[in-house]
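This report concerns only the one structure given below.
The values are calculated or read from the model by the stated rules, or taken from the named source; none is laboratory data. Keep in mind the model is a prediction, meaning the values are calculated, not measured. Backbone-built Cβ (ideal geometry, glycine too); neighbour counts: all protein chains shown.
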């Protein structure tokens, strides 16, 4: 049985026995894998502890065979490199942020000014004029600008002082103080980090020739205090990168760059690589910048490097089909991106460094540890989210006039329900042959009401029994029923097609040109089912639709937003159909029972996971691996976590080969 | 004082109003021989057009407005409606006409049907002209749109998402992905923008960026030698991209008024409008002279609540001649044309030189991946060309072309007008379409 294959041994044995090829143990070729957007975001999260998610604004990933992590189709464009470069700068700046205390910077007002002259310790404006000071602003926030001033008063008004900062509206203040007792005048501004230009102006000059009454303004210094509202930064993130304090010492710089590159590149950096990074530090020094500026540059370079952007695996002989085991670092990385969609953690790195990860028992132990870790939610978000189409929720809103109850809260509940449901099969080892027929669901108050289930309270999901209802398993969940419907109505065709594509791996051929679609306006001529029966009249259509449509009809008791219904536009629901050649059913419960008994469903799940590992399911060697994994999966009681462990300990996962 | 990209941007907007378009202004100031900054803009709309509400009955300059073309009436002197052009290479192989037609929208090539890695198309019109028009500018071209792409499933009946999402192709296997968040586009256009930077600071920043990219090239070059041939081809995408960016980093920075940074999380209609404003800024600031824009992806399923249409566009486009469906499609189509009219109006309100607007110097091509949504035809496409092409484009009329006139022949004319001496284009472009260029 494939489950007890000895890790790597068969590969090596075969390499000797099969005349220099992998033969039937061929692990297949794996293409250089660019981090996709989800992997990029997760990786920088774990590498830097950052809250930034730069890939949210990267171009959408290419998708192949239903998943967005297939190396062969993940392309890279000039735009993406430009965005990587910008993200690296932002990420390093964010990671090295320090807490900025409140500080006061004081500037004498002597020059440059437009008018006036020195007077005592300050500057006297004898007509309207402006003094300018440029102030470095360490961090964004509120800053108080204070000016010490007095007026030589004359005329009806006191002297007026205007304070303006970086183009924000000027604050005009009456300066009532006189020469004997100068006073401090203040205004507060919200400023971005960088540099602020503070303008201090005398704005109401007065001179009466007859009386020689002359109003002037005297200022002596400008103080800028802030930020008054600085948000605290977790400097632990900075310390995790800047491992030592003597940043100007070569040994410290080496430790920092070798340490960060080793984690970012998911394998130790070699001396030459570190030397090249240190050259960037020296470059900055030659430009007169300090060691931290140089280290920032080198850290950015690490994040722009192909060793970060790609998951690099090397072959001793790139043009040989001879299989070889992955290095510990490569294996830890494959494992981590498969189960977590992110870089290895410290424990995996340690197992890679010690070489123990290549031991089958240790590999299984690590995999089971990872599946129990919260980061394993990546399998739910990225694998199940694409397999089950949950990610499509929100792509298209249902018609708000027909479905006024459908809102973001309900949609979020549906999304959470399916996530929680899949997670339960993963976490609790519920056999996957229950996935389509389970008599429980996870609902909150809103979903329970939506599904006509007994009331529950609150927004948290709780597990409830479906006994005595018409719902069972995944196919009667709101998320699935919604994403396989049109905005105004259900689509038995879309539902049936989804079952063929994603549960049976039997994608139907596309329709002949010009016959797609079913207009909404024709509802008056019959139920949707009646209209779809037209498919059966045309032999070309019937060849696919006679298989596809009934799988949708079986779910016809559920409307376009997943509510139970007994009629459609005034026509009673007919949810009868035939599964395969002759198994008749009426409604979702009977249909899903038939599906759950079909071994094709489990082979298809394995095929989907095999694809998600990053493999084309259409290569010759794939068929054999998928068949063997399926046999184990069924024999071992349909336990998803066991299947995942079986996959990661399989020869094709732990080995690779070159390409002649 | 060094500014990080973000720091500066957060302070941009209202606070800074600086002279814009310096390069052209200074040339204008010299008076004689004003430089003509020719531009190209490709504008894509999905799911075809209700042709009965689009096509004017009369030819020539006196065409009467049809329901869908009504928003363009204020600009009729500066555009032409072209009827009867075919993009036959856009046909699908057994279904998938939206993706196939979109892939071929600006390439006029019959794309290879594949959902895998072996995509094959041709170079698109915008990428042919980009090196000519945008030489020395910060961006050779911009690829913009409103939608990243559906989150799951097939993109279209066995065709790669690359065909469905990209109309700009730098080469047969290199689709150029587009940006769809206006805020991210703004940040990219004005990254490093710092009107206070000294010449020395600018030079240092360029040196640092170049050094990081040099480092990347060195590492990739060293890695390349250790890889098999498929992986080498993958890594070449990276190497080419880094080298291109490195060349652009040396481009002089440009001081131009950025306008306001767009909001995040805009609705579809608001996103479309924000992108139009960004296209105007990009041309106004002379950041690039080539833009392509997709108002939705191939066979878009967007709903259009902004005009009261709650059905998915693609589903509705299979109208089966039902009048209620056609009426809703006409609402969508008219809104799309209204968005084009808004863009043309703004481009026509900015002068490159006294009496010469940005629109006068631009060539705008507007069309869809198919003709009629129900028939999936790639013949008789709905086409508008707009702008003056820097004095090369003859516009202001509705023209009918004989059956089987290739769209690619229009592209040859446009290429010639933009300064590219092409005589063939795509699969079926063999001669310049007559009457497009000024005599």
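Here are the numbers:
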read-out: Flag for residue A:293 being surrounded by fewer than 22 Cβ atoms within 10 Å (Cβ to Cβ) and in a loop (DSSP other than H, G, I, E, B); value: no
read-out: Top-ranked residue of the stretch B:156-168 - restricted to ones that are facing chain A (nearest Cβ under 8 Å) and part of a loop (DSSP other than H, G, I, E, B), ranked as modelled with the highest pLDDT; value: B:160
read-out: Odd one out for residue A:446, checked against (1) surrounded by fewer than 18 Cβ atoms within 10 Å (Cβ to Cβ); (2) under 28 Å from the mean Cα position of the chain (by Cα); value: (1)
read-out: Selection within the stretch A:55-108 - away from chain B (no Cβ under 11 Å), at pLDDT below 90 and under 30 Å from residue B:173 (Cβ atoms); value: none
read-out: Sole residue being out of contact with any strand residue (DSSP E or B) (no Cβ under 8 Å at 6 or more places or on another chain) and either more than 14 Å from chain B (Cβ to nearest Cβ) or crowded, with 24+ Cβ neighbours inside 10 Å (or both), chosen from A:353, A:286; value: A:353
read-out: Residue match in the stretch A:391-404 (condition: surrounded by fewer than 20 Cβ atoms within 10 Å (Cβ to Cβ), more than 14 Å from chain B (Cβ to nearest Cβ), over 24 Å from the mean Cα position of the chain (by Cα) and outside any helix (DSSP H, G or I)); value: no
read-out: Conditions (1) farther than 30 Å from residue B:236 by Cβ; (2) buried (at least 23 other Cβ atoms within 10 Å of the Cβ); (3) in contact with a strand residue (DSSP E or B) (Cβ under 9 Å, 6 or more places away or on another chain): number failed by residue A:386; value: (1)
read-out: Selection within the stretch B:410-432 - over 19 Å from the mean Cα position of the chain (by Cα), under 19 Å from residue B:379 (Cβ atoms) and touching a residue at least 40 places away in the same chain (Cβ under 8 Å); value: B:427, B:428, B:429
read-out: Residue check, residue B:101 within 14 Å of chain A (Cβ to nearest Cβ), more than 12 Å from residue B:175 (Cβ to Cβ) and within 21 Å of the chain's Cα centre (by Cα); value: yes
read-out: Selection status of residue A:423, within 14 Å of chain B (Cβ to nearest Cβ) and assigned to a helix (DSSP H, G or I); value: no
read-out: From B:264, B:236, B:231, residue being in contact with a helix residue (DSSP H, G or I) (Cβ under 9 Å, 6 or more places away or on another chain), at the interface with chain A (Cβ under 7 Å from one of its Cβ atoms) and more than 27 Å from residue A:288 (Cβ to Cβ); value: B:231
read-out: The lone exception for residue A:160 - which of (1) more than 50 Å from the chain's Cα centre (by Cα); (2) closer than 17 Å to residue A:221 by Cβ it fails; value: (2)
read-out: Any hit, the stretch A:209-231, residues being assigned to a loop (DSSP other than H, G, I, E, B), surrounded by 16 or more Cβ atoms within 10 Å (Cβ to Cβ) and at pLDDT 90 or above; value: no
read-out: Residue count for the stretch B:257-284, restricted to those that are over 20 Å from residue B:178 (Cα atoms) and not in a helix (DSSP H, G or I); value: 4
read-out: Odd one out for residue A:611 among (1) farther than 19 Å from residue A:490 by Cβ; (2) at pLDDT below 90; (3) within 14 Å of another protein chain (Cβ to nearest Cβ); (4) part of a helix (DSSP H, G or I); value: (2)
read-out: Matching entry among B:115, B:151, B:58 (being within 14 Å of chain A (Cβ to nearest Cβ) and in contact (Cβ under 8 Å) with a residue 12 or more places away in the chain); value: B:115
read-out: Condition check for residue B:171: crowded, with 24+ Cβ neighbours inside 10 Å, in contact (Cβ under 8 Å) with a residue 40 or more places away in the chain, more than 9 Å from chain A (Cβ to nearest Cβ) and out of contact with any helix residue (DSSP H, G or I) (no Cβ under 6 Å at 6 or more places or on another chain); value: no
read-out: Any hit, the stretch B:192-203, residues being facing another protein chain (nearest Cβ under 8 Å) and either within 30 Å of residue B:271 (Cβ to Cβ) or without any contact (Cβ under 8 Å) to a residue 12 or more places away in the chain (or both); value: no
read-out: Residues of the stretch A:125-159 satisfying the condition of being more than 26 Å from residue A:195 (Cα to Cα) and part of a strand (DSSP E or B); value: A:150, A:151, A:152, A:159
read-out: Which numbered condition residue A:268 fails, given (1) modelled with pLDDT of 95 or more; (2) within 14 Å of chain B (Cβ to nearest Cβ); value: (2)
read-out: Selection within the stretch B:321-343 - within 14 Å of chain A (Cβ to nearest Cβ), in contact with a helix residue (DSSP H, G or I) (Cβ under 7 Å, 6 or more places away or on another chain) and assigned to a helix (DSSP H, G or I); value: B:324, B:325, B:328, B:329, B:332
read-out: Only listed residue being surrounded by fewer than 17 Cβ atoms within 10 Å (Cβ to Cβ) and modelled with pLDDT of 95 or more, chosen from A:417, A:411, A:428; value: A:428
read-out: So residue B:390, is it buried (at least 24 other Cβ atoms within 10 Å of the Cβ) and at pLDDT 95 or above; value: no
read-out: Single match in B:200, B:184, B:135 (criterion: surrounded by fewer than 24 Cβ atoms within 10 Å (Cβ to Cβ), over 16 Å from the mean Cα position of the chain (by Cα) and in a loop (DSSP other than H, G, I, E, B)); value: B:135
read-out: Single match in B:116, B:153, B:148 (criterion: surrounded by fewer than 23 Cβ atoms within 10 Å (Cβ to Cβ), closer than 28 Å to residue A:70 by Cβ, in contact with a strand residue (DSSP E or B) (Cβ under 8 Å, 6 or more places away or on another chain) and at pLDDT below 95); value: B:116
read-out: Residues located in the stretch B:46-93, provided they are in contact with a helix residue (DSSP H, G or I) (Cβ under 9 Å, 6 or more places away or on another chain), part of a loop (DSSP other than H, G, I, E, B) and farther than 21 Å from residue B:332 by Cα; value: B:61, B:63, B:87, B:91, B:92, B:93
read-out: From the options A:120, A:167, A:129, residue that is surrounded by fewer than 16 Cβ atoms within 10 Å (Cβ to Cβ) and touching a residue at least 60 places away in the same chain (Cβ under 8 Å); value: A:120
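So that you can scan it fast, the table gives a plain yes or no per residue for (1) more than 17 Å from residue B:142 (Cα to Cα); (2) in contact with a strand residue (DSSP E or B) (Cβ under 7 Å, 6 or more places away or on another chain):
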| residue | (1), (2) |
| --- | --- |
| B:239 | yes, no |
| B:273 | no, no |
| B:284 | no, no |
| B:294 | no, yes |
